[in-house]
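Worksheet: one structure, shown below.
The values are calculated or read from the model by the stated rules, or taken from the named source; none is laboratory data. Fair warning: this is a prediction, and the values are worked out from it, not measured in the lab. Positions of Cβ are backbone-derived with ideal geometry, glycine not excepted, and every protein chain shown enters the neighbour counts. Surface areas here come from the heavy atoms of the whole protein model, side chains and all, with no ligands, DNA or RNA. Shrake-Rupley method; radii C 1.70, N 1.55, O 1.52, S 1.80 Å.
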Amino acid sequence: MSGRRWSLARQLLALQALVVGVLVAASTYLAFLEAERATVDNARHTVTMVALTVADTPSVQTALTLSNPTSVLQPYTEQVRQDTGVDFITIMTTAGIRYTHPNAARIGGRFVGNTAPALAGRTFTETYTGTLGPSV
């Protein structure tokens, strides 16, 4: 190498390129974070609306009084799941025992998530890893 230093113009150009690169990288990262937040917010809204609709459906409330609620609820939830595009709908007892699940082998098993706010009469969402993977 000849040991020549960069000219002031070349140094300023390199500095400007570095600053632009950092700004582009930071903007891309922030856009990714915002898109992720919006996706989770949309999922929360969708699952809340589906849950409220299913819970308020008279045929669901009637099925819960039957000796075998799964026989009525499982086909119903599978149809709603397909119609709405959600990955699963789980209807369960207050003790967390599932009446419905997309994987029929999981019916009768214990729900993995938190039920305390629902048992207290509140609508809520949580993100956790359930039997089908990450879930809202």
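Rolling a 1.4 Å probe over the heavy atoms of the protein chains gives the chain an accessible area of 69 Å² per residue. The modelled label-to-label distance for the pair Arg4/Gln79, using points 7 Å beyond Cα in the direction of Cβ, is 8.0 nm. For the range 56-136, the list of trypsin sites (Lys or Arg not before Pro) that fall in a loop by DSSP and count at most 10 other C-beta atoms within 10 angstrom reads Arg122.
The share of accessible area on the chain that comes from carbon and sulfur is 61 percent, using a 1.4 angstrom probe. Applying 0.36 nm per residue to the separation of Thr127 and Thr46 and subtracting their alpha-carbon distance, the gain on full extension is 27.8 nm.
Converting the Cα gyration tensor eigenvalues of the range 39-78 into ellipsoid dimensions via √(5λ) gives semi-axes, longest first, of 25, 10, 6 Å. To test your reading of the geometry: what angle, between 0 and 90 degrees and rounded to tens, separates the Cα axis of helix 70-84 from the longest principal axis of the chain? The helix 70-84 is inclined about 30 degrees to the chain.
What angle, in degrees between 0 and 90 and rounded to the nearest 10, separates the Cα long axis of helix 8-56 from the longest principal axis of the Cα atoms of the chain? With both axes taken from Cα atoms, the answer is about 10 degrees. When Rg and the Kirkwood Rh are both derived from Cα coordinates, the Rg/Rh ratio for the range 52-98 amounts to 0.94.
On full extension, the segment bounded by Thr93 and Asn68 gains 7.8 nm, given 0.36 nm per residue less the C-alpha separation. Residues whose amide H falls under 5 Å from that of Gly130, counting only those 5 or more places apart or on a different chain, are Ser135, with hydrogens built in the peptide plane.
Projected onto their three principal axes, the Cα atoms of the chain cover extents of 89, 29, 27 Å, largest first.
Dipole magnitude for the range 44-135: computed about the Cα centre from +1 point charges on Lys and Arg Cβ and -1 point charges on Asp and Glu Cβ, it is near 220 debye. Of all the stretches in the chain, which is the longest one without any exposed loop site, taking chymotrypsin sites (Phe, Trp or Tyr not before Pro) in a DSSP loop (any state but H, G, I, E, B) with at most 15 other Cβ atoms within 10 Å? In the chain, the maximal stretch lacking such sites is 7-123.
Given a Förster distance of 30 angstrom, what is the FRET efficiency for Thr115 paired with Leu30, based on the Cβ-Cβ distance and rounded to 0.05? The pair Thr115/Leu30 has a calculated efficiency of 0.25.
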